[in-house]
Each structure stands twice: as C-alpha cells, then as structure tokens.
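Before I ask anything, here is the structure I am working with.
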Amino acid sequence: MSKTMPFLFILLFLFNKAMTQNYDESKVPDYTLPEVLKTESGNVVNNKSAWEKVRRPELLTLFAENIYGQMPKDFDSIRFTITNEVADAMDGRAQLKQVTISVWRMGKSVDIHLVLFTPNNRKKPVPAFLLINNREDSTMDATRKIKSEFWPAEMVIDSGYAIAAFQVADAAPDDKDTYQNGVLQLYPKQLQADNGMKAIGAWAWAASRVMDYFEKDKAIDAKKVALVGHSRGGKTALWAGANDRRFAIVISNCSGNSGAALSRRKFGETIKLINNQFPHWFNDNYKKFNDKEDALPVDQHELLALIAPRPLYVTSASEDLWADPKGMYLSLWNAQPAYGLYGKHAALPTEMPAVNSPIIHSVLGYHEREGIHDLTKYDWNNFIQFANYQYYGK
Ligand code: GTR
C-alpha cells in the first residue's frame, strides 16, 4: 500500500460522514409531523375512549407494520426457576434472587436470566426498576464484585426500590447474523414476514416476560415497575412500554433515532444510517423509509404518546448529537395531546431546558445531562426522583 492510501481512506470516510449526517440546526429541513390525535381516516379524536378504541390501536399497528415488527403474544407455557437466592446480599441491605424465566412455544424454548435485588426490612411489596441490559453481563453482576454506574444497584436499593436487569442477548443476540437465536426460534414465521419482529421486538417481548414474573413475586409491587433502557435499550423500553401497559413508568435514556428522536429532523443518525448499520433491529418494511422520512405514516412523538397516561422520562446528553437531544425534546413536547386526553398536563417548558436542569415534577420528565452518550448515576438519581414524585408525590 502506498503512503498516501491511509489518508485517502480517512478523507473518504470523512466525506462519507459529512454526506450522510447533519449536525447543523440551520440545515434541518422543514417538516410536518403527523398529528397524534388524527386518525388515518382524518378524524381528530378528542376523548380518551376514542383514543383507546381507535387511534391508539391504529398507531400501535402502524409502528408494528412499519418499524418494530409484530409483537406475538401467544406461547404455550412459562416457568420461573429460582436458581440462586441470598437473603443478606449487599451487607444485609438486600435480598438477591436469580430467576430463569423459561418460555415454551411449539416445542421450542427460550431462557431469560433475571437478576433481582429487593431491599430488606420492608413489609409491603416494593416498586421496582427493570433495566434492559444491552451492555456486558458484568454490568448486572449479581455478586456485586463489579459495580457499574450503568446499573447502580446499591443506590437504587438504598432509595427503597427493587432493582432488576436482564441481558438482551438472552432474547436475541445483538448481531445481524445471529439475532434469530432466541425468542425468534419460538416465532419462526416472524422471520419470513416483512413486518416480522427482529431484535428490538424480541428484547421488548422479553421485558414483558419479566413483568409476567414480577406479577408472581410477592416481594414486588408489579403495579409500580419502571422500565429503563439506554440507547438501543431505550428504543426497546419505549416499544415495550407502548405495547405492555403493565409498565407503570417508562424511561428512555439517550434513545436517539428510532427511539425518542423525531425522524423527520434528519439530525445526527437517520433511518438510512441505522438500517444500514443495524439491519437486524427493525422489520424489513422500515428499510423502505431510508431517506424517505416524510413518507412514514408516523413519527416518534407518537410512540411516546402510546405511553400515555403513564409517566414517561426521556434523557439526552450534551455531547450526544448523534442521538439529537433537541429532536427528543420536541418529540416529548409533541406527545402532550395524548396525555391531555387523560387530563394529565406536563410541566414542560416551551424552550428546551438547559443542560443539567431536569424536569422531574411532571408526568413527562426530561433532562439533558452534560457529557457523552451513556447511562450514569446522575441519570439514575433523576429516575429515582421522578419515580418518587409519581408514586408518592414528593
Ligand atoms: C449506535 C446507534 C444508536 C444507538 C447506540 C447504542 O451505534 O447508532 O442508534 O442505539 O448505538 O445503542 O449505544
């Protein structure tokens, strides 16, 4: 290779990036968002019953058809096996349970491994946080030899909440060649359909199976479970929360494109970029919208609207332009009409709040953390405050 070759590659790489992503607010195109409350046939729903009977199911179908894939609900059996139990974990502050959730369908099965800590010395069932773990297994270390800010279990326990996590790879490996080896073994037809679920659908499905377990565990208040996900996990938390209304609170951390961010802004990551890099996340129909954001019958504010009337918290990070912080705030802002139908009025300022100025006391919460794309103690601390406010009004 000649000496100039590496430079040529770098130039080509930079040119390619510049051609495909925009970080300049003045270059955001004019766009018109689809109206949350306006049905496909052009009627505007103005009460919660019409929302729940007509528009909400219509939106869920549009997201399933065009982006995330179907969400199969049937299976033959589910079994919960406690594989490890420690009464005095975390110096006696918590009980540890490791649970294998086995789900069977048509002779095939999948195992989801849950790590769960519940605070000791509590008489009543406790509310819980469940993290969709898209990082390495050690992030949710049951022995607590390894401690990660991504899942600060001690901090959550000391705040009076149970804390749980499962590994996404149990449900679908995060890999374009092997994502089928998990939940999709149970639903092989999904693999043949253009609207079939892929990895994000499988991860969301797994979150619901954990909820099935919580409903059986007497230590957990299953009516107060907050689902948390970061980035690809944040996209998953939103999709799971939209489908499964048992999740009382949904928290999307730096979820970005095809998560909380508005696609039509084409700021940072775009539909084409995400589909090219991660073809195994979304259904095949989604590829038709590469460079055609305006043709999508939905935008992501309508995914957030599907969480209504439940509390929803969205975060971004100041250095994470790839995930479009402003696009996520605008999306949250534009989800408000659905909350309004339930008489829930969010305390969101018209202007996007400054960095490190969280909006906690509101059914729709938000912060932009100073720093990079990550899930940190700062984020978790705000999630705990948000849950305290929603559950206890303080
Ligand atoms: C990026 C991807 C984002 C986000 C992120 C993550 O590479 O482009 O959409 O999901 O990965 O999950 O950390």
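None of the figures in this text is laboratory data; all of them are computed from the coordinates on show. All of these numbers come straight from a predicted model, not from anything done at the bench. Using ideal geometry, Cβ is built from the backbone for each residue, glycine included, and neighbour counts are taken over all protein chains shown.
Using only alpha-carbon positions, what ratio does the radius of gyration of the stretch 84-170 give when scaled by 2.2 N^0.38 Å? Don't jump to the answer; show the numbers that get you there.
Numbers: Rg = 13.5 Å, N = 87, 2.2 N^0.38 = 12.0 Å.
Cα Rg divided by the expected 2.2 N^0.38 Å: 1.13.
Between the helical axis of 5-20 and the dominant principal axis of the chain, each derived from Cα atoms, what acute angle in degrees is found, rounded to the nearest 10?
90 degrees
Please identify the GluC sites (Glu not before Pro) of the stretch 302-364 that satisfy two criteria: DSSP loop assignment and at most 11 other Cβ atoms within 10 Å. Which are they? Show your work: numbers first, answer last.
Values: sites: Glu302, Glu319, Glu351; in loops: Glu319, Glu351.
Those that pass, being in a loop and sparsely packed, are Glu351.
OK, next. Taking 0.36 nm per residue of sequence separation and subtracting the Cα-Cα distance, how much length would be gained by fully extending the chain between Thr32 and Asp212, in nm to one decimal? Numbers along the way, then the final one.
Values: separation 180, 0.36 × 180 = 64.80 nm, distance 3.92 nm.
The span from Thr32 to Asp212 would gain 60.9 nm if fully extended.
Semi-axes of the equivalent ellipsoid for the stretch 286-394, please: Cα gyration tensor eigenvalues, times 5, square-rooted, ordered largest first, whole Å.
Numbers: eigenvalues 113, 76, 25 Å².
Each semi-axis is √(5λ); the values are 24, 19, 11 Å.
Further question: Given R₀ = 45 Å, FRET efficiency for Thr81-Thr61 by Cβ-Cβ distance, to 0.05? Please list the in-between numbers first.
On the way: r = 35 Å, r/R0 = 0.78.
Using R0 = 45 Å, I get an efficiency of 0.80.
Would you give the gap between the C-alpha center of the stretch 348-394 and the C-alpha center of the stretch 316-332, rounded to a whole Å?
Taking the Cα centre of each part, the stretch 348-394 and the stretch 316-332 sit 14 Å apart.
Further question on the same structure: Hey, what's the per residue convex hull volume over the C-alpha atoms of the chain, in cubic angstrom? If you can, show how the numbers build up before the last one.
Working: hull volume 63.9 nm³, N = 394.
Residue-normalised Cα hull volume stands at 162 Å³.
Set the Förster radius R0 to 56 Å, insert the Cβ-Cβ distance between Lys53 and Asn120 as r into 1/(1 + (r/R0)^6), and round the FRET efficiency to 0.05. It would help to have the intermediate numbers written out before the result.
Details: r = 45 Å, r/R0 = 0.80.
Between Lys53 and Asn120 the formula returns 0.80.
Show log10 I(q)/I(0) for the stretch 165-279 at q = 0.10, 0.19 Å⁻¹, two decimals, from a solvent-free Debye sum over equal Cα scatterers.
-0.32, -1.05
Let me ask you something else. How about the stretch 131-199: which trypsin sites (Lys or Arg not before Pro) there are in a DSSP loop, with at most 16 other Cβ atoms within 10 Å of their Cβ?
Details: sites: Arg135, Arg144, Lys145, Lys147, Lys176, Lys189, Lys198; in loops: Arg135, Arg144, Lys145, Lys147, Lys176, Lys198.
Filter output for the stretch 131-199: Arg144, Lys145, Lys147, Lys176.
Students often check this: by mean Cβ neighbours within 10 Å, which of 27-38, 212-223, 306-317 ranks highest, and how do the rest follow? List each step's numbers first, then the result.
Values: 27-38: 13.9, 212-223: 16.5, 306-317: 24.6.
So the order, starting with the most tightly packed, is 306-317, 212-223, 27-38.
Treating the angle as unsigned and between 0 and 90°, give the value, to the nearest 10°, between the Cα long axis of helix 325-334 and the longest Cα principal axis of the chain.
Helix 325-334 sits roughly 80 degrees off the main axis of the chain.
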